[in-house]
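Structure record follows, encoded as structure tokens.
The values are calculated or read from the model by the stated rules, or taken from the named source; none is laboratory data. Note that this is a predicted model, so its numbers are computed, not measured. No Cβ is skipped: glycine too gets one built from the backbone with ideal geometry, and neighbour counts run over all protein chains shown. Side chains are part of the model used for accessible areas, which takes the heavy atoms of the whole protein and leaves out ligands, DNA and RNA. Shrake-Rupley method; radii C 1.70, N 1.55, O 1.52, S 1.80 Å.
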Amino acid sequence: MGHGHHIEIKQENFVIPAKAKTFTIILMLLGLVLTGIGIANQKSHSGSSHNSHATAENTTEKHETPAHGEAADHSEHAAASEHGAASHAEEHHNVETENFGPRMEYHEQDKPWTTKIWANLLVAGYFFTMVSLCALFWYAIQYAANAGWSVTIKRVPEAIFTFIPVAFVVLFVAVLLGKNDLYHWAHYEHLGLKPTDAGYDRILDGKSGFLNTKMLFILPVILIAIWVFIGHKLRGLSLAEDTASKGDVTFFKKSIRFSAAFLVIFGFTISIIAWLFIMSVDAHWYSTIFGVYNFATSWVSAIAVITLTVMYLKNQGYLGLVNQEHMHDLGKFMFAFTVFWTYIWLFQYLLIWYAQIPEEMMYYQIRYENYKPYFLANFFINFVTPFVFLLMRSAKRNSKIMVIIPALLVVGHYFDVWFMVIPGVFGPNQHIGILEVGIFLVFSGLFAFWILNNLTKRGLVAVNHPYLEESVYHDTGV
Amino acid sequence: MGILDKKLSLRNRNKMIVGVWEDEDALMDATSEISHKGIAIHDIYTPYPVHGLDRIIGVKRSKLARVAFFCGLTGLILMTTMIYYMYVIDWPINVGNKPVRFTPSWIPVMFEGMVLCTAYGMGFFFFWRNRMLFGVKNDLLDERQTDDRMVMAVELSDSINEQDLISTMKNKGAVEVREFHHGVQTVI
């Protein structure tokens, strides 16, 4: 480019500032303390509600709604009986209605107090797995689309997607330990009922070809292994490119091939993770758009995390080649996919509404009737606020707004995943408490530390990338 | 397009000096040089976007975004009115006992109507403002400005030294310099 100013390209090496190290460690410790308090609370609370018959009855009655007409009958039953297989089987039998098949009935009292820990670990593990995965997706898209603008920030997603295995281990452990309490169908699977038995559930039986323990434990591991392998390969190629001679495009071309392969595999398989881990919490429920919805949630969060990391590095005086033009494009990305998320959020409901499938409404019924403030908060945090604040061009170039909004989006979408899981597991009377905050803090601290630590492992500038110069002089126009 | 056409047409402006370039780097240099002299460049026509040119010649931010907002608003109001008239006033239908007034099924209609009006509205106003609508007599300064040449137009005024401008253009790699006045071009 012939215009007057010339930008010098030089390698930068990131060193974690002491402040950041302390901050992430404090975040984790604080989170651990809060988690501990939360667990203790949970334990003592659950003990009291189990022992006294009256408390259990009160809780249920308080939350009785027209939708849960049989709740009163149930509370006696549930509180009186132990958590035996027989009681569960009978419950299903009781709520079987002629038209709609069995409906989920919720009994927090039936679940051991540890369920809440597994559920929150499931949320955290799932959210951070998906966010790291979507960072890899972002990275692959840049290669497959031949994008030039993003080269100056490509080391950021490269650092983020190394978190996939860590988060997945958390997810896996949570599911391994809490499977029978989290997943209705896993419990049902143990009963091994035949069509003639009392308590036979034809929906769960019909799904058992896919929704079974073997699938739950084997399929995600295979998928994650494939994704992590491709991610590892891409990272290796990127590092090899740095040390190669200038103008060598073999690594670039190989990266394109791996990225394209990843995109195809990811596109076909990402829904499976969402179905197995999250949708199966509401085991009787079908939603064909659920995979897309989960992708939208994690994709927005991944872009937000990338933006936050870029802004942090920029604040610390790194990434000298990144300017407002790149920020603007990240802002546009975030804005566009916030709207995309809302579109899917609404259309998941609309598909059911249009098609007149009342039995599929249970997912929304409990979330709208018993969790209205949460339901509306989800919409306001994840759509209205970012929409209003990111709409203007000047906002996307404002370094304060570009920190606040992505941070809000990460929290908001974590909450969105929480909101998909918790009402499905526990029924109507749950709240965000110390345990939720604690677990979120632990994992966000770990995530932040992991990203920063990985950023130190290689130079921040992909000096031999063929599109680096295009990215340096990137211009979105007046 | 009467009034706007007359005002915007290059034919109805003062005498113009037109420089033609083949190379974008040379054009960029020439543009910087000419603007540094304090000469206001009327416009530069290029077959593809040349990044950075807009900032040098001080192009103002396009008002197309505002146009888009109002087109979207029009679409939203139009569609809401339409569907309200159809669903509520003219022919209410009971579909599985769903409510007749504002229902979720209105949202896609309103949204898509808004998008439609925004897209068509922006397209229309963009072409209108750039004098590219059907029936507008366009004034290409050079046939090849849509192919591989870049054309700079400077409108002359009392403060501009014409000879100096022409020599600057030639020195800075213009393959051709012309004079354009009321639709007539003369090579200098």
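Sparsely packed loop sites in the stretch A:350-435 (the trypsin sites (Lys or Arg not before Pro) outside DSSP H, G, I, E and B with at most 11 other Cβ atoms within 10 Å) comprise A:LYS400. Computing FRET efficiency as 1/(1 + (r/R0)^6) for A:THR243 and B:VAL109, where r is the C-beta to C-beta distance and R0 is 51 Å, gives about 0.35.
Shown is the FRET efficiency for B:ALA26 and B:ARG55, computed with R0 = 22 Å from the Cβ-Cβ distance and rounded to the nearest 0.05: 0.75. From the cross-link list A:LYS19/A:LYS314; B:LYS137/B:LYS172; A:LYS10/A:LYS332; A:LYS43/A:LYS372, which pairs have alpha carbons spaced over 23 Å apart? Where the Cα-Cα span goes over 23 Å, the pairs concerned are B:LYS137/B:LYS172; A:LYS10/A:LYS332; A:LYS43/A:LYS372.
7 Å from Cα along Cα→Cβ at both B:GLU176 and B:PHE69: what's the point-to-point distance in nm? Using points 7 Å along Cα→Cβ, the separation is 4.4 nm. For the stretch A:263-288, backbone nitrogen atoms closer than 17 Å to the point 7 Å from A:GLU359 Cα along Cα-to-C-beta are found at A:282-288. For trypsin sites (Lys or Arg not before Pro), the sites in the stretch B:84-152 that DSSP calls loop and that have at most 15 other Cβ atoms within 10 Å are B:ARG101, B:LYS137. How many percent of the alpha carbon pairs in the stretch B:64-129 exceed a separation of 17 Å? Value for the stretch B:64-129: 48 percent of Cα pairs lie more than 17 Å apart.
The residue among B:HIS182, B:MET82, B:ASN171 whose Cα reaches farthest toward the positive pole of the charge dipole of chain B, with charges on the beta-carbon of Lys, Arg, Asp and Glu, is B:MET82. The relative contact order of chain B comes to 48 percent, based on Cα pairs under 8 Å that sit 6 or more residues apart.
Within the straight-line cut-off of under 21 Å between alpha carbons, the lysines reachable from A:LYS233 are A:LYS154, A:LYS246, A:LYS253, A:LYS254, A:LYS457, sequence neighbours fewer than 8 places apart in one chain being disregarded. The lysines within cross-link reach of A:LYS207, meaning a Cα-to-Cα straight distance under 24 Å and a gap of 8 or more places when in the same chain, are A:LYS111, A:LYS179, A:LYS194. Taking a virtual spin label 7 Å from the Cα of A:ASN453 along the C-beta vector, which residues in the stretch A:295-326 bring their backbone nitrogen under 17 Å of it? So the set is empty, nothing qualifies. On the basis of the beta-carbon distance and an R0 of 60 Å, B:ASP139 and A:THR196 show a calculated FRET efficiency of 0.10. Put simply, the C-alpha atoms of the protein assembly as shown give a gyration tensor, and the ellipsoid matching it has half-axes of 58, 32, 20 Å, longest first. When shorter helices are ignored and each DSSP H run of at least 4 residues is given -39500 (n - 2.57), the per-residue value for chain B at 222 nm works out to -13500 deg cm²/dmol. Ratio to report: Rg/Rh of the stretch A:298-397, with Cα atoms as the point set and Rh obtained by the Kirkwood method; give two decimals. Dividing the radius of gyration by the Kirkwood radius yields 1.12. For chymotrypsin sites (Phe, Trp or Tyr not before Pro), the sites in the stretch B:90-188 that DSSP calls loop and that have at most 14 other Cβ atoms within 10 Å are B:PHE102, B:PHE134. Of the DSSP H helices in chain A, those that are both long (alpha-carbon extent of 18 Å or more along the helix axis) and hydrophobic (Kyte-Doolittle mean at least -1.0) are A:18-51, A:115-144, A:164-182, A:213-243, A:250-273, A:290-315, A:324-354, A:401-426, A:434-455. The residue among B:ASN97, B:ILE44, B:LEU27 whose Cα reaches farthest toward the positive pole of the charge dipole of chain B, with charges on the beta-carbon of Lys, Arg, Asp and Glu, is B:ASN97. For a modelled paramagnetic label at A:GLU8, 7 Å from Cα along Cα-to-Cβ, no residue of the stretch B:27-52 is in reach, as no backbone nitrogen comes under 11 Å. The 1.4 Å probe gives accessible areas that order A:LYS214, A:LYS21, A:LYS207, largest first, as A:LYS214, A:LYS21, A:LYS207.
Each residue, A:PHE375 and A:LYS400, gets one label point 7 Å from its Cα in the Cβ direction; the gap between the two is 3.6 nm.
Length available on full extension from A:HIS45 to A:LEU408: 0.36 nm per residue minus the Cα-Cα distance, which gives 127.6 nm.
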